Amino acid sequence: SRWKQSGLLPDEQIEHFKTINGTLMVPGCDPQGNWEYGNIYVYDNRQWSTLQTVPDGIHLFDLIEYDGKIFAALGVLPGEFPIAVSNDGGKSFHQVAMFKNNTQLDTSVSSDAKFAQIRTYDLFTLNGSLYAYYSNYTDTNLCNEIYRYENGGFYYYCDLPDNLTAQRTTYRPIDTKLEYHGKLYFTTGNLYVTADLKTAQKTVLEQNSIVTDLQVIEDTLYAMTA
């Protein structure tokens, strides 16, 4: 019946609430202050505080709790890994190595590239495993790949399915993702479902509807459309 402002966060872009270890948090996608550490905003005792413990996390897009650890999806400088992990509840983080073709992933870019975006946008689980959506985008290269967490590192699993189309312009290829009955549902404006992440099937809803959000309530999947 009544609302009041709970806080004002020093960030140019915030997108999602996350619940980590029972605590409400917000990843800071684009902090206004020092970029030496990424910002996590924590709501506790009815007030917001800023947790600056993610080194080189210029952008912090996602947080997830998995296997007693906290993982953060980052946007970093070339040559760094865009995933960090905390083993102490968020007090400290360190970057997690990524591997492809049995070698450590090289996130450096060519010297003639005019810009580079080395980012992990999404962290999600499917059938008990943790996955990361990784994007390496420059004016000379583009890759969108899925990595799976195992043995303390993230290993290449597959490319993002190439049949995805979007109904609205967004800098993120994937907007909302949600696991439901052993499958991953995700939105690009369109709604897709996948059982193995390697292929995705488009789910047709009402004509011309744009899917903006997903939620499960009492074992029923709801899609918000426009």
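The values are calculated or read from the model by the stated rules, or taken from the named source; none is laboratory data. Bear in mind that the values here come from a model prediction, so they are computed numbers and not experimental data. FYI the Cβ positions are ideal-geometry reconstructions off the backbone, even for glycines, and counts take in every protein chain you see. Accessible surface is based on the protein model in full, side chains and every heavy atom, while ligands, DNA and RNA are left aside. Shrake-Rupley method; radii C 1.70, N 1.55, O 1.52, S 1.80 Å.
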Being closer than 17 Å to Ala132 by Cβ, touching a residue at least 24 places away in the same chain (Cβ under 8 Å) and open to solvent by 60 Å² or more (accessible area, probe 1.4 Å): is that true of Asp62 here? no
Within region 194-226, the count of residues that are surrounded by 15 or more Cβ atoms within 10 Å (Cβ to Cβ) and assigned to a loop (DSSP other than H, G, I, E, B) comes to 4
Residue match in region 36-43 (condition: among the small types (Gly, Ala, Ser) and open to solvent by less than 10 Å² (accessible area, probe 1.4 Å)): yes
Residues satisfying the stated conditions in region 169-193, i.e. surrounded by 13 or more Cβ atoms within 10 Å (Cβ to Cβ), out of contact with any Phe, Trp or Tyr (no Cβ under 8 Å at 6 or more places or on another chain) and under 26 Å from Gln117 (Cβ atoms): Thr187, Thr188, Gly189, Asn190
Suppose we filter region 1-60 for residues that are assigned to a strand (DSSP E or B) and of a type in the set (S, T, N, Q); how many remain? 8
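Answer with yes or no whether Asp122 is modelled with pLDDT of 90 or more and either assigned to a strand (DSSP E or B) or touching a helix residue (DSSP H, G or I) at 6+ places or on another chain (Cβ under 9 Å) (or both).
yes
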